[in-house]
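As structure tokens, the structure follows; a few thoughts come after it.
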Amino acid sequence: MFVELNQRGLPVAVSSSSSPVWERGSGGEEHLSVSSIGEVWRVYDEWWRNPIMRRYFEIVLVGGKHTIIYQDEVSGEWFEQTP
């Protein structure tokens, strides 16, 4: 997943690929703009053995899809949380 951030570090667009579609050209994958951001929170856990450091965003995409995305702050990778 690729997430484009604004200057404040908030998501403005997401793509299901690992690199932005608008840089790679038309590969059949779609990027969607974020229409609103709800809650933002961080989770720091298990620092003593295998640290979990994540930043979560509750977002609504253009078109109405409501989802939660998070960034693993150890690896820098982005994920969509699945129910």
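Nothing in this text is a laboratory measurement; each read-out follows from the coordinates by a stated rule. Quantities reported herein were computed from a predicted structural model and do not represent experimental measurements. Positions of Cβ are backbone-derived with ideal geometry, glycine not excepted, and every protein chain shown enters the neighbour counts.
Here are some notes:
- Candidates per trypsin sites (Lys or Arg not before Pro) in region 35-83, loop by DSSP, up to 13 other Cβ within 10 Å: Arg49, Lys65
- Going from the residue with the fewest nearby Cβ atoms within 10 Å to the one with the most, Phe2, Phe57, Phe79 rank Phe79, Phe2, Phe57.
- Once the chain from Ser36 to Arg55 is taken as fully extended at 0.36 nm per residue, the excess over their C-alpha distance is 5.2 nm.
- In this label model, Gln7 and His66 are separated by 3.2 nm, measuring between points 7 Å along each Cα→Cβ vector.
- The GluC sites (Glu not before Pro) of region 35-71 meeting both criteria, a DSSP state outside H, G, I, E and B (loop) and at most 13 other C-beta atoms within 10 angstrom of the site's C-beta, are Glu46.
- Distant-in-sequence amide contacts of Ser17, defined by a placed amide H-H separation under 5 Å and a gap of 5 or more residues or a different chain, comprise Phe2.
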